[in-house]
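Notes follow the structure.
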Amino acid sequence: MAAVLVLSAACTTPPSGPTRVEVLGTLPHDTGAFTQGLELVDGVLYEGTGLEGQSSLRRLDPASGELRQRVDLPEPLFGEGITVVGDRIWQLTWRDGVAIERDRDTLEEVRRVTYEGEGWGLCRDGDRLVMSDGSDELAFRDPASFAETGSVAVRRDGQPVTRLNELECVGGQVWANVWQTDEVVRIDPANGQVTDTVDLSGLRPADVPASNVLNGIAAVPGTDEFLVTGKNWPTIFRVRFTRS
C-alpha cells in the first residue's frame, strides 16, 4: 500500500471548504484494460472494458488486482458500463443498442435486451438502475426488465453537465466521471443537482497520455472510500474524499 497522499479538489458550493482527495493505497491495473465500468461487490472487483474486438467483463481480486476470470464480448460489440443486481450483472454496449445480462458467478450471458441511444455508465440505486448516455441526462431503468421508467437532467449552478460517463451509486447519490476531464461529480438523482465536484487530475500517472482519461469508480462497501482508475492506466487508486 502506498503512503497516504492528500490532493486538493474543487467543490461546487462547498459547505465547509474544498474537498480533499486522500490516496490510501494502490493496486496494479492491466494497461490493456480500456476501463468502462468498475464495481466492488462481496469481495470481488468487477471491471467492464471496451473497444471493438477488445471488450470484456472481468473478475479481479480487490486486494491484489489479480485477474480471476475474464469473458470477451463478441465483435462488433463495444462494452461499456456495468452493475451488479443480485446474482446477475448488466453490461452496456456503446452504440450497439444492447444490454447484456450475465450470471454473476460464471459471467456467462443469460439474455440481451435492446434500448434506444448510446450506453455509457450504469449503476444500481436501490430498486432502480441509473444509466448515462454521454448527455446531460440520467435515465432510470427497471433492474429486471431494463425498461426505462424516468429520467432527470443534471445541472451544476444552473448549467447542463454533459458527457456523463461511468457511474457509481452509493448512499442515495450518484457519482459520475465526466468524459474527457479529470472530474467526478456527485449528483442528487432526485433533482439532478450536482452537489460536489472533485478534481482527480493529480492521480494521472506521468507516463499516461491525456487521451487515456479517468474512468472507473467503485465504492468500497462499509467504508467512505472508493477505487478509481482510468482507461489503460497502470494503477487503481484507493481514495477517500474529505472536507478540509
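All of the numbers you see were taken from the coordinates with simple rules; none came from a lab. This one's a predicted model, so the numbers in the text were calculated from it and none came from an experiment. Cβ sites come from the backbone with ideal geometry, for glycine too, and all protein chains shown count toward neighbours.
Modelled label positions at ALA147 and ALA190, each set 7 Å beyond Cα in the direction of Cβ, lie 2.7 nm from each other. Around the amide H of VAL85, modelled in the peptide plane, lie the amide H atoms of TRP90, all under 5 Å away and 5 or more residues distant in sequence or on another chain. Measuring nothing but how far apart in sequence close Cα pairs (under 8 Å, 6+ apart) lie, relative to its length, the chain scores a relative contact order of 20 percent.
At q = 0.11, 0.14, 0.18 Å⁻¹ the log10 of I(q)/I(0) for the stretch 5-243 amounts to -0.50, -0.83, -1.45, computed by Debye summation with a single uniform scatterer per C-alpha, solvent ignored. From the alpha carbon centroid of the stretch 118-140 to that of the stretch 71-100 is 13 Å. Under the simplified labelling scheme, the ARG88-ARG240 pair shows an inter-label distance of 3.7 nm, with each label point 7 Å from Cα along Cα→Cβ. Cβ-Cβ distance of GLN173 and THR114, R₀ of 30 Å, FRET efficiency by 1/(1 + (r/R0)^6): the value works out to about 0.55.
In plain terms, the chain from THR106 to SER201 could stretch by 30.6 nm, reckoned as 0.36 nm per residue minus the Cα-Cα distance. Quick one: if the Förster radius is 30 Å, what FRET efficiency do GLU22 and ARG70 give, using the C-beta to C-beta distance and rounding to 0.05? Efficiency, from the Cβ-Cβ distance: 0.45.
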